[in-house]
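Right, one structure below, let's go through it.
The values are calculated or read from the model by the stated rules, or taken from the named source; none is laboratory data. Fair warning: this is a prediction, and the values are worked out from it, not measured in the lab. Positions of Cβ are backbone-derived with ideal geometry, glycine not excepted, and every protein chain shown enters the neighbour counts. Side chains are part of the model used for accessible areas, which takes the heavy atoms of the whole protein and leaves out ligands, DNA and RNA. Shrake-Rupley method; radii C 1.70, N 1.55, O 1.52, S 1.80 Å.
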Amino acid sequence: MSFKEDNLIQTKTFDFALRIIKFYTQCKSQNEFILSKQILRCGTSIGANVEEAIAAQSKKDFISKLSIANKEARETKYWLRLYQSSNLVQIEIDSYLKEIESIINILTKIIKTSSENL
């Protein structure tokens, strides 16, 4: 299963991973080391799983990899909401939440459409 060269979800998840790396760096500079490692792992793995989906061996494998990406995106959203509510760091979270919500919506739609066409 392959995507087009200008694949929206591939681009969005890669760009989001770059933002999460910067977020992690900002957290470390504010002496927050515990939750930041969690969000770094799940926030960057979304795109990695999208990349794996591109190389899927079957439609079921494609759906499986995107489902993992979707779960990682939801976990990332959880950690972002936790940061927002806890005020552990002085970082604006709203744009991250907006972007992860967009990614979750796109992944969910791709998974649903792919499952219907199975």
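Are any residues in region 1-59 free of Cβ contacts under 8 Å to residues at least 24 places away in the same chain, aromatic (Phe, Trp, Tyr) and surrounded by fewer than 19 Cβ atoms within 10 Å (Cβ to Cβ), and if so, which ones?
Selection gives Phe33 alone.
Just one of Ile100, Ile63, Ile21 is over 15 Å from the mean Cα position of the chain (by Cα), modelled with pLDDT of 95 or more, among the hydrophobic types (A, V, I, L, M, F, W, C) and part of a helix (DSSP H, G or I); which is it? If you could, list the steps in order and put the result at the bottom.
Numbers: Ile100 fails: over 15 Å from the mean Cα position of the chain (by Cα); Ile21 fails: over 15 Å from the mean Cα position of the chain (by Cα).
Criteria check complete, one pass: Ile63.
Any idea how many residues of region 60-76 are under 26 Å from Tyr24 (Cα atoms) and surrounded by fewer than 19 Cβ atoms within 10 Å (Cβ to Cβ)? Working first, answer last.
Pass one, region 60-76, residues under 26 Å from Tyr24 (Cα atoms): 65-76.
Keeping just the survivors that are surrounded by fewer than 19 Cβ atoms within 10 Å (Cβ to Cβ) gives 67-68, 71, 74-75.
Matching residues across region 60-76 total 5.
Report the residue count in region 93-118 for those that are open to solvent by 60 Å² or more (accessible area, probe 1.4 Å), of a type in the set (S, T, N, Q) and without any contact (Cβ under 8 Å) to a residue 40 or more places away in the chain.
2
Take Ser85 and tell me if it is assigned to a helix (DSSP H, G or I), more than 20 Å from Ser45 (Cβ to Cβ), modelled with pLDDT of 95 or more and open to solvent by 90 Å² or more (accessible area, probe 1.4 Å). Reasoning before the result, please.
Details: assigned to a helix (DSSP H, G or I): yes; more than 20 Å from Ser45 (Cβ to Cβ): yes; modelled with pLDDT of 95 or more: yes; open to solvent by 90 Å² or more (accessible area, probe 1.4 Å): yes.
Yes.
Check Glu51, Glu72, Glu32 and return the single one that is of a type in the set (D, E, K, R), at negative phi and not in a helix (DSSP H, G or I).
Values: Glu51 fails: not in a helix (DSSP H, G or I); Glu72 fails: not in a helix (DSSP H, G or I).
Step by step, each of Glu51, Glu72, Glu32 is checked, and only Glu32 is of a type in the set (D, E, K, R), at negative phi and not in a helix (DSSP H, G or I).
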